[in-house]
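To start, the structure under review is shown below, and the notes come after it.
All of the numbers you see were taken from the coordinates with simple rules; none came from a lab. Computed from a predicted structure; not experimentally measured. As a convention, Cβ positions derive from the backbone with ideal geometry for all residues, glycine included, and neighbour counts pool all protein chains shown.
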Protein chains: 2
Amino acid sequence: MKNGKVTMSDVAKRAGVDISTVSRVLNSSFEKHKYSDKTVAKVRKAVDKLGYHPSLVARSLRTGKTMLLGMVMSDIGNPFFSEMAFHLDGIMGEYGYRLIVCNTNEDPERQEEHIVGMLAHGVDGLIVSPSGKRGLDRIENSDVPLVVIDRPLSNGFSFVGLDNVLAGKMVAQKLKAHNYRRIGVVMPDSKEDLTLQERLDGLKTGLKDEGCILSWKVCIPPTAVAGEESHRAIVNKLKKELDYPDAIVGITNVCTLNIISSLEELDLVWGESLGVVGIDDFTAASIVRPSITVVGQPIKRIAEESFALLLKQIKEDKKKLKKETVLVEPVWHCRKSLPVR
Amino acid sequence: MKNGKVTMSDVAKRAGVDISTVSRVLNSSFEKHKYSDKTVAKVRKAVDKLGYHPSLVARSLRTGKTMLLGMVMSDIGNPFFSEMAFHLDGIMGEYGYRLIVCNTNEDPERQEEHIVGMLAHGVDGLIVSPSGKRGLDRIENSDVPLVVIDRPLSNGFSFVGLDNVLAGKMVAQKLKAHNYRRIGVVMPDSKEDLTLQERLDGLKTGLKDEGCILSWKVCIPPTAVAGEESHRAIVNKLKKELDYPDAIVGITNVCTLNIISSLEELDLVWGESLGVVGIDDFTAASIVRPSITVVGQPIKRIAEESFALLLKQIKEDKKKLKKETVLVEPVWHCRKSLPVR
DNA sequence: CTGAAAGCGCTTACAG
DNA sequence: CTGAAAGCGCTTACAG
């Protein structure tokens, strides 16, 4: 009780019972221990009077569980991840888990540091949106449950993320349904990210099935944010083409952002003669006029599935249960940039 | 060593030394303990071979310090806070601290829960952007160092945030310098948030000093996001006025967002005959065309100052050191919506 | 230069 | 129905 910290033995002393009694009353371990109402009351009163809160670090040391689940995010500034964290936090809370998050900012070294840190702090499980695979092996060795989100890694970790092929197909179908035929696409120039390739593949085969054509494609640097260079590339392409496509598809939200800023620079209005549609939602999509139609990720679903997978691993504790992959269906956010023509 | 967890005594055994030796070698406590090179080498080798990582929960229990600093944010989806977390994370890392963040989503009850949780987990300090004062008393009672950011609370906690009066003044000065005279303002209708009042006060006195006039003011609901009702209010005001003001000021980023969407609805183009300027930056501000000029918060500065204040409290450990308030200067993001006329 | 021992604050068999 | 004791994995006086 010195220096403000009330401990369990302070409570025991005050209640005139053994410390183990306090512990059991507080944890309602009543299977084998039916304490008298009087004892329970004494303990509760002492707890209240003293304002006792158990030390989770002591408890963790004893039980080996911290009830802490870690989320290692690649980009805390991306609304996808912050919304994800928000939902995870809510869901986990119901199961008595607390979420702690850290941000690698797409830096693999930082990712490893943070993973090591989370492990050292004894998290009971980890959800990571990877930037490369550095540090992931640490988790494997430690036997701490792991689920990877957003970007699948070639190693077979449990994974939940968007069905990217389907997203591409859905875009193709919508394009056809709204009578767009000649399609342009903007995509990041990255071999690493299979996600992107899948989206493109889905789009291509979808387009073919629908009898549409991919009239051009421009690649932009795979940096996270909209940049001058990307901008240039698109503007140049647009200037060079004699006739514009019916619609332009952004493979990622950054691509779509670049598309609209390029169009603005050229004083082209989208949503009338020129359709725009993107994969992945973003804040500005609904703010910009005309607002942008996109297929997005069902973030809450992803959060739920991730937690479910993690919880299963925690409960089964045998690492023997095989890794699962959950692909979730994209959802349409139909706005103004792709009207029926 | 059973079940994958390598402990310090495993290392000691393998190195053939006492566990205390391992501890001291690892922590380089060499003031009084000059171990022989041979011993040090033995220990390090054992550590490597075994892949030992110290248990921070055990260490915390022993030392009473977790080296964990908590950030309780009111809105993880707000880029201001996520950027803040990003910078904090970086700065703290250099001092051996790890940041854990949680999100109250502007829910006071959740705020209290999260504060209790962070405290139970033994964080060494807390940075909170409050939604009301619920739970803050818990921190005070616990003697854990605290610094409040963003919104000052009437209780005298250490605080770092924007100099809001100055922000208002800076806007007034810029308006004058760019030859705008008749000014409209949009502001949230909230008595609670003194921040807002300060901004308005700064603007008003600034405007007076500069010989400009506040020609009208519209209040919108104090909800966090842009909404239909706010939109209506502004549109109606605009329709009713015979002649528009020279420029409209958004007191918060949400206000500014509402201003531009209202203007869009009325097919009014800002940045030409009608200036727009806001307090507080936001993502769309640079995406929308014409882009929006704002005075924003120097987020990194705020992160640095917050950490400095926290660290001081941690080091001095005497709660006797008085609460400090740090007000940081706003910074201009000059874009296209407020050209010189 | 190195070790033996106590203790941080809990939980949980084991006993009665 | 209740208690005494061991132990989770560390650090740190204390001793030598």
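Of note:
- Residue A:336 label point (Cα plus 7 Å toward Cβ) to equivalent points in the other copies: 1.8 nm, shortest first.
- Radius ratio Rg over Rh of the protein assembly as shown, counting only Cα atoms, Kirkwood formula for Rh: 1.01
- Peptide B:119-127 - average C-beta neighbours from other chains (10 Å radius): 3
- The stretch B:277-341-the stretch A:85-134 distance, computed between alpha-carbon centres (Å): 27
- Over 29 Å (Cα to Cα) - which of A:323/B:13; A:65/B:34; A:191/A:239 fall in this group: A:323/B:13; A:65/B:34
- For the stretch A:1-158, the average shadow cast by the Cα convex hull is 11.8 nm², which is a quarter of the hull's surface.
- With the convex hull of the Cα atoms taken as the outline of the stretch A:41-97, the averaged projected area works out to 6.0 nm².
- Take each residue in B:137-146, count the other chain C-beta atoms within 10 Å of its C-beta, and the mean is 1.
- Backbone amide hydrogens, once placed in the peptide plane, bring residue A:248 within less than 5 Å of A:184, A:275, A:276, A:277, excluding anything fewer than 5 places away on its chain.
- 5 angstrom amide H check on residue A:333, placed H, neighbours 5+ away: A:294, A:295, A:296
- Distance cut-off 13 Å, percentage of C-alpha pairs in the stretch A:109-156 lying past it: 50
- Chain A - Rg and Dmax from Cα coordinates, angstrom: 26.2, 90
- Take each residue in A:283-292, count the other chain C-beta atoms within 10 Å of its C-beta, and the mean is 4.
- For the stretch B:184-288, convex hull volume per residue from C-alpha positions, Å³: 103
- Among the listed pairs A:217/A:240; B:176/B:208; A:133/A:169; A:174/A:204, those beyond 18 Å (Cα-Cα): A:133/A:169
- For the protein assembly as shown, the antiparallel share of DSSP beta bridges with both residues in that region comes to about 10%.
- Taking every Cα-Cα distance in the stretch A:8-54 and sorting them into 5 Å bins from zero, the calculated P(r) comes out as 5, 26, 38, 22, 8, 1 percent.
- With the biggest extent put first, the Cα atoms of the stretch A:151-245 measure 47, 34, 16 Å across the principal axes.
- Candidates per chymotrypsin sites (Phe, Trp or Tyr not before Pro) in the stretch B:47-112, loop by DSSP, up to 13 other Cβ within 10 Å: B:95
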